[in-house]
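Trainee: Structure incoming, see below.
The values are calculated or read from the model by the stated rules, or taken from the named source; none is laboratory data. The structure displayed is predicted, hence computed values, not measured ones. Virtual Cβ from ideal backbone geometry, glycine too; neighbours counted across all protein chains shown.
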Amino acid sequence: MGFDPRHWRPSATSPPVTANLEELLAENESLRREVRALRQQLDQHAWSHQHSWSPQQAWSPNRARSRVTSAASHGITAARLERWGAAMASHPRWQELRLGPPAGLRGLVEELRSQWWDPRLELEQELNRRCPGLGSELVEALRGPHCRWRWAVRAAFALYGPRASEWLEEAPMRVVEELLRRSPDSSGTTASAADPRQQALALLGLAPGASPAEIRRAYRRLAKNHHPDLGGEVTAFHRLDAAYRLLVG
């Protein structure tokens, strides 16, 4: 016959059942806590391994190409970069941008690099850290002789990060204005500021003499893309709004 707990009576030598049960429950809860802690450690280790990028990892063309093929494409092609360069080159002050070093666009890239979480990272490594595969695609697309538009594109990605392609596509004139404002010249001073109205037009991606209707259309298009409620940056949207008010006020 099996054991019937209804007929069981503790003997004088047997320990209390409640005491044994409480010890088992306490031990069980302790084991559960340890399991949860181990799982958290494993999850953190897996995340760190997936997102880490060591500055000591040397860049090579083969490694860059392997990262490009393994990551999702970001649409950064040589033809697209040349189109951005041609759009920026139509800015009336385009020739004022200098390559450097120590100043110019190269100096600007180094200055922005010093503000990253790890200044030892190259631009390609920083972009790959923030958006896997983006920096490697940019390296491949920028292959060619050094020139103003290639360094302007490189400086734009150093300035705007993964959103640089959006700025270059929609507001290349504004990108040039920002690069001119931030780029130090050979004497170490920033380029002279343009007329506020011209700066506002450049921010909207418009040429001098744009009509009120063109200003409204450009503002509505950019406001829809950069509104904070739609994932845009608050500072960029406020500058866009201020430029529009200046032009229509």
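Trainee: Taking residue 144, is it exposed (fewer than 13 other Cβ atoms within 10 Å of the Cβ) and closer than 30 Å to residue 125 by Cβ?
Mentor: Details: exposed (fewer than 13 other Cβ atoms within 10 Å of the Cβ): yes; closer than 30 Å to residue 125 by Cβ: yes.
Answer is yes for this residue.
Trainee: Given the conditions (1) in contact with a Ser or Thr (Cβ under 9 Å, 6 or more places away or on another chain); (2) at pLDDT 80 or above, report the number of the one that residue 222 does not fulfil.
Mentor: Exception for residue 222: condition (1).
Trainee: Sticking with this structure for a sec: Test of understanding: among 116, 149, which residue is aromatic (Phe, Trp, Tyr) and at pLDDT 90 or above?
Mentor: Result of the check over 116, 149: 149.
Trainee: Consider region 177-211. How many of its residues are under 22 Å from residue 247 (Cβ atoms), modelled with pLDDT of 60 or more and surrounded by 13 or more Cβ atoms within 10 Å (Cβ to Cβ)?
Mentor: Result for region 177-211: 16.
Trainee: Could you please let me know if residue 86 is among the hydrophobic types (A, V, I, L, M, F, W, C) and either touching a helix residue (DSSP H, G or I) at 6+ places or on another chain (Cβ under 7 Å) or at pLDDT 75 or above (or both)?
Mentor: On the way: among the hydrophobic types (A, V, I, L, M, F, W, C): yes; either touching a helix residue (DSSP H, G or I) at 6+ places or on another chain (Cβ under 7 Å) or at pLDDT 75 or above (or both): yes.
Yes; evaluated as a whole, the condition is true for this residue.
Trainee: Another question, if that's okay. Looking at residue 236 and the list (1) loosely packed, with under 15 Cβ neighbours inside 10 Å; (2) out of contact with any Pro (no Cβ under 8 Å at 6 or more places or on another chain), which single condition is not satisfied?
Mentor: Here residue 236 clears every test but (1).
Trainee: Sort out which residues of region 100-157 are among the hydrophobic types (A, V, I, L, M, F, W, C) and assigned to a loop (DSSP other than H, G, I, E, B), and write them in order of number.
Mentor: Once the filter is applied, which keeps residues that are among the hydrophobic types (A, V, I, L, M, F, W, C) and assigned to a loop (DSSP other than H, G, I, E, B), region 100-157 yields 103, 116, 117, 121, 131, 142, 147.
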